[in-house]
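Structure record follows, encoded as structure tokens.
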Amino acid sequence: MPSFSVQVPDGAESIRVDKYIASLPAAVSRSQLKSGSARIFINDTPVKFSAKVAAGDVVRAEWKDTVPDDIAPQDIPLNILYEDDDVTVVDKSQGMTTHPAAGNWTGTLVNALLFHWGRPASAALTAGTDAERAAAFRPGIVHRLDKDTSGVIITARNRASEAWLQEQFQTRRVKKEYIAIVCGRPPAARGSIKTQIFRDPRHRKLFKAESSVSKGKFAHTEYRCIACYGPFSLMKLRLKTGRTHQIRVHMKYIGCPILGDPLYGRRGKQELFAGAQLMLHAYRLSLRLPQSEQFSEFKAPVPQRFKAVLRVLHRHYEKCILT
């Protein structure tokens, strides 16, 4: 659920809270608040739209992000790794959301693909729940990468290839390999992490991993430590299952959260890279394409943010190989 919080500055006049919110730069309008089933809080107390704000109050608004009628094509540059009549393989940039969803209805990979493929706007369903209607905005998407994860992703250009690729992913015939720079050193040079992954009951946007519980979904990640640099490690990871935030959760589980991870990282312990972005990259994808008997392999080159961090690590620490 989208939200924002702001403190009313000293000297501000006492006005209705909905008018105050609408007056803020880049804030939602009063009509958006009313149509979006919004809730408003003043100093953590829920209030009516007509409540008055005073200097020093902390105002917080939460609202339901309504599903738009359609998703329009957008002329957004794409780094195409491979393309034929059935698939388009893209090196997704960091910061791009894979498909439209609440809070990200524009600027996504789907918007860019619709333009690249020369297709019209993708219309939402006219009936059903918001989740069912939003699912119609994912043409060609058979797997996804987190917004802050870069790298190789394959998309389907027609219904037949979409069904084919979905079957490949569901039966785990796809090989996915990632690289990551993590904080800390893994317990061994190579390892296999097998846990259940489930939503954190205290933080609904996060997930947790435990091996001694039956709840959640089984998740399996294999890792190899390529090299260590002081308190940091360069890792190669293979996904055997595909759970939400799986690599990020599993790296935290073994005591090696990914550098720059705003959700699972170590706050205040990355002084050398205070402004680091998520250092996770989908490096390699191998699978059988539609109408092919052979495996195809696609690689997304190591991004510049990795090279920049590695240059700093080489300057500050000696390279160490775990045995």
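Solvent-accessible area per residue in the chain equals 52 Å², computed with a 1.4 angstrom probe and all protein chains kept. Classification of the chain by its C-alpha gyration tensor yields an oblate form. The axis ratio a/c (a ≥ b ≥ c) is 1.5 or more, and b/c is at least a/b. Bridging of Lys52 to lysines at a Cα separation below 22 Å is possible for Lys19, Lys34, once same-chain residues fewer than 8 apart are set aside.
If the chain linking Ser296 and Arg202 were pulled fully straight, counting 0.36 nm for each residue of separation and taking away their Cα-Cα distance, it would gain 29.7 nm.
Mean residue ellipticity at 222 nm, helices only, the chain: -5000 deg cm²/dmol; runs of at least 4 DSSP H residues each add -39,500 (n - 2.57), and the sum is divided by the number of residues. Angle between the Cα long axis of helix 159-170 and the longest principal axis of the chain, 0 to 90 degrees, nearest 10? Between the helix axis and the principal axis of the chain, the angle is about 70 degrees. Taking 7 Å steps out from each Cα toward its Cβ at Glu318 and Asn158 produces label points 6.0 nm apart. Distances between placed amide hydrogens fall under 5 Å for Gln74 paired with Ala112, Leu114, Phe115, all partners being 5 or more residues away or on another chain.
For the chain, the Cys residues with no second cysteine's beta carbon closer than 4.7 Å are Cys183, Cys225, Cys256.
Dividing the Cα radius of gyration of the stretch 143-197 by its Kirkwood radius returns 1.06 for Rg/Rh. Between Lys240 and Ala72, what FRET efficiency follows from the Cβ-Cβ distance if R0 is 35 Å, with the result rounded to 0.05? About 0.40, to the nearest 0.05.
The values are calculated or read from the model by the stated rules, or taken from the named source; none is laboratory data. Since we're looking at a predicted model, the values are computed, not measured. Using ideal geometry, Cβ is built from the backbone for each residue, glycine included, and neighbour counts are taken over all protein chains shown. In case anyone asks, the SASA skips ligands and DNA or RNA and just uses the protein heavy atoms, side chains included. Shrake-Rupley method; radii C 1.70, N 1.55, O 1.52, S 1.80 Å.
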